[in-house]
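See structure below.
The values are calculated or read from the model by the stated rules, or taken from the named source; none is laboratory data. Since this is a predicted model, take the numbers as computed values, not measurements. In this analysis, Cβ positions are derived from the backbone assuming ideal geometry, glycine residues included, and neighbour counts consider all displayed protein chains. These accessible areas exclude ligands, DNA and RNA; they are computed on the full protein's heavy atoms, side chains included. Shrake-Rupley method; radii C 1.70, N 1.55, O 1.52, S 1.80 Å.
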Amino acid sequence: MTIRYTNAAARLPAQDLERARAFYSEKLGLEPVDERPGGVLYRVGGCEFALFLSTGRASGEHTQMGFEVEDIEAIVAELRARGVVFEDVDAPGPRTRDGIADIEGNYPSKGASGERAVWLRDSEGNLLGIGQLIA
């Protein structure tokens, strides 16, 4: 038997769902497509992700979800104007300059030569990435 999946989606923990919903709305400009007790669902492009009420905390040690954009510098400027703080990365490999890292050939660049990327934490400590593919 071949297993066929019809979709995949990220699930991010939130200790305070209202605080998280406000962050995603006010800082990232995203509005939920569905809300239920204990969860909020978002759609971006053809993908979904949800925030769910949890007593656990995100480790924040790795990127838990990423967004793709067409103009990372414009997005970074807009998000900074909204009060978003970006993570500085100074590790073997990527290093941020003014918040943006140039990454050669790193997955998930999907056939591109790499990407430009930034990282930020949401109100719940989830580490999110934003990337622009480099052709």
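Just one of (1) touching a Pro at 6+ places or on another chain (Cβ under 8 Å); (2) part of a strand (DSSP E or B) fails for R57. It is (2). Considering only residues that are of a type outside the set (D, E, K, R) and touching a Leu at 6+ places or on another chain (Cβ under 8 Å), look in region 16-29 and name the one that is nearest to E78 (Cα to Cα). Out of the qualifying residues, it is L28. Could you please let me know if V69 is open to solvent by less than 100 Å² (accessible area, probe 1.4 Å) and touching a helix residue (DSSP H, G or I) at 6+ places or on another chain (Cβ under 9 Å)? So V69 fits the description; yes.
Residues are listed down the side, and each one gets a yes or a no for (1) open to solvent by less than 20 Å² (accessible area, probe 1.4 Å); (2) modelled with pLDDT of 80 or more; (3) farther than 30 Å from T55 by Cα; (4) not in a loop (DSSP other than H, G, I, E, B):
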| residue | (1), (2), (3), (4) |
| --- | --- |
| A77 | no, yes, yes, yes |
| G83 | no, yes, no, no |
| A101 | yes, yes, yes, yes |
| N106 | no, no, yes, no |
| R116 | no, yes, yes, yes |
| W119 | no, yes, no, yes |
| S123 | no, yes, no, no |
| G131 | yes, yes, no, yes |
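Just one of the listed residues (T96, T63, T6) is at pLDDT below 95 and farther than 17 Å from I130 by Cα, and it is T6. Residues that are in a strand (DSSP E or B) and open to solvent by less than 80 Å² (accessible area, probe 1.4 Å) within region 1-46 comprise A9, A10, L12, P13, A14, D34, G39, V40, L41, Y42, V44, listed in sequence order.
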